[in-house]
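Contents: one structure, followed by commentary.
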Amino acid sequence: MSNAAQKRAIRNYRSRQAQRGIARFEVQALDADRELIRALARRLAGDGPEATHARTMVQQIVSGEPPHQGRIVQALRRSPLVGADLDLGRAHEEGRRVDL
């Protein structure tokens, strides 16, 4: 890459990435894990809910913490139907007689 234009293009690309908060670094791992690590890095570089979920899962695995309990209850408490006073009851029926 002795071409000055190529060097300038790489420098500009890396500066744009740095403005986005993307850092360039080197890791050492097994060659078999190359694509896995690259895919994980691509996922973590995103800003969506998938990136947040992947980040949370990786942090949990690396830290060795047990999984958090009660997430369903927390989600139900955040539901827009909390306090809506829904009547979920139904009439009790005895059923029908069946001749066997």
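Candidates are the residues of region 8-48 that are surrounded by 11 or more Cβ atoms within 10 Å (Cβ to Cβ) and among the β-branched types (V, I, T); the one that is nearest to the chain's Cα centre (by Cα) is I37.
If you go through region 49-95 and keep only what is farther than 30 Å from I37 by Cα, assigned to a helix (DSSP H, G or I) and open to solvent by 70 Å² or more (accessible area, probe 1.4 Å), you end up with I72, V73, Q74, L76, R77.
Restricting to region 9-45, name every residue that is assigned to a helix (DSSP H, G or I) and under 19 Å from R55 (Cβ atoms). Selection gives Q17, D33, L36, I37, R38, A39, L40, A41, R42, R43, L44, A45. Taken over region 53-100, the criterion of being of a type in the set (K, R), more than 21 Å from R43 (Cβ to Cβ) and at pLDDT 85 or above is satisfied by R90, R96, R97.
The values are calculated or read from the model by the stated rules, or taken from the named source; none is laboratory data. Small disclaimer: the values here were computed from a predicted structure and weren't measured. Note: ideal-geometry Cβ built from the backbone for every residue, glycine included; neighbour counts use all protein chains shown. Just so you know, the surface numbers come from the protein's heavy atoms only, side chains and all, with ligands and any DNA or RNA stripped out. Shrake-Rupley method; radii C 1.70, N 1.55, O 1.52, S 1.80 Å.
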